[in-house]
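The values are calculated or read from the model by the stated rules, or taken from the named source; none is laboratory data. Just so it is clear, the structure is predicted and the values come from calculations on it, not from any experiment. As a convention, Cβ positions derive from the backbone with ideal geometry for all residues, glycine included, and neighbour counts pool all protein chains shown.
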Amino acid sequence: MSIKGKVWKYGDDINTDVIFPGKYTYTISDPNEMAEHALEDLDPDFAKNVKENDIIVGGKNFGCGSGREQAAVCIRMAGIRAVIAKSFSRLYFRNCVNNGLPVIVSAEAVDAIENGEIIEVDMDKGTITCAAGTFEFPALPPEVRGIFEDGGLIPHTKKILGTD
């Protein structure tokens, strides 16, 4: 599985209230509408300009804050196909996996990647290629890649059980 897209780069401690504004938590339940508000308080141009297969790059503690699942759903529905960061909040990391959004820890790649550049992430090889070079991360086991390829934990489980 390979992902190639434009980078949207942000800093440290990007919390779930910034990823999906808390004011919409109980008023928006449609995932497509959630995508329209992704990162609006941090980057008002994001939801209008993000494209399918784009990639978010963040600093330390990406996804900190509440355990709101909408923070993973909204950026995936907006077209983001991977998030690379120096570190993630554990709960946000798990919410991303459950929703089929690959999350990759690579401090070296984060430091090298420039906002707006096109990068490629090869999930099978465990590489991130950008203008500054190629950076390795531990290749994901086939079971985890299957969750991403199937669009999340629920569709993956249904596929395995033959109930889809």
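Considering segment 3-31 alone, what residues qualify as being surrounded by fewer than 19 Cβ atoms within 10 Å (Cβ to Cβ), of a type outside the set (Phe, Trp, Tyr) and assigned to a helix (DSSP H, G or I)?
Answer for segment 3-31, where residues must be surrounded by fewer than 19 Cβ atoms within 10 Å (Cβ to Cβ), of a type outside the set (Phe, Trp, Tyr) and assigned to a helix (DSSP H, G or I): 17, 22, 23, 31.
When the residues of segment 79-125 are filtered to those that are surrounded by fewer than 20 Cβ atoms within 10 Å (Cβ to Cβ) and basic (Lys, Arg), which remaining residue is modelled with the highest pLDDT?
So, considering only residues that are surrounded by fewer than 20 Cβ atoms within 10 Å (Cβ to Cβ) and basic (Lys, Arg), the one modelled with the highest pLDDT is 86.
Residues in segment 103-125: is at least one hydroxyl-bearing (Ser, Thr, Tyr), within 19 Å of residue 9 (Cβ to Cβ) and within 13 Å of the chain's Cα centre (by Cα)?
No, segment 103-125 contains no residue that is hydroxyl-bearing (Ser, Thr, Tyr), within 19 Å of residue 9 (Cβ to Cβ) and within 13 Å of the chain's Cα centre (by Cα).
Restricting attention to segment 82-123, which residues are assigned to a loop (DSSP other than H, G, I, E, B), more than 24 Å from residue 154 (Cα to Cα) and touching a residue at least 60 places away in the same chain (Cβ under 8 Å)?
86, 113, 114, 115, 116, 117
Kindly indicate whether any position in segment 124-134 is among the charged types (D, E, K, R), touching a residue at least 12 places away in the same chain (Cβ under 8 Å), over 25 Å from residue 22 (Cα atoms) and not in a loop (DSSP other than H, G, I, E, B).
No; the residues of segment 124-134 include none that is among the charged types (D, E, K, R), touching a residue at least 12 places away in the same chain (Cβ under 8 Å), over 25 Å from residue 22 (Cα atoms) and not in a loop (DSSP other than H, G, I, E, B).
With respect to residue 52, determine if the residue is outside any helix (DSSP H, G or I), acidic (Asp, Glu) and closer than 24 Å to residue 155 by Cα.
It is true that residue 52 is outside any helix (DSSP H, G or I), acidic (Asp, Glu) and closer than 24 Å to residue 155 by Cα.
Which of (1) among the charged types (D, E, K, R); (2) crowded, with 20+ Cβ neighbours inside 10 Å; (3) over 20 Å from residue 148 (Cα atoms) does residue 68 not meet, given it meets every other one?
(3)
Yes/no per residue for (1) under 24 Å from residue 149 (Cβ atoms); (2) part of a helix (DSSP H, G or I); (3) touching a Cys at 6+ places or on another chain (Cβ under 6 Å); (4) aliphatic (A, V, I, L, M):
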site	(1), (2), (3), (4)
33	no, yes, no, no
40	no, no, no, no
73	yes, yes, no, yes
80	yes, no, no, yes
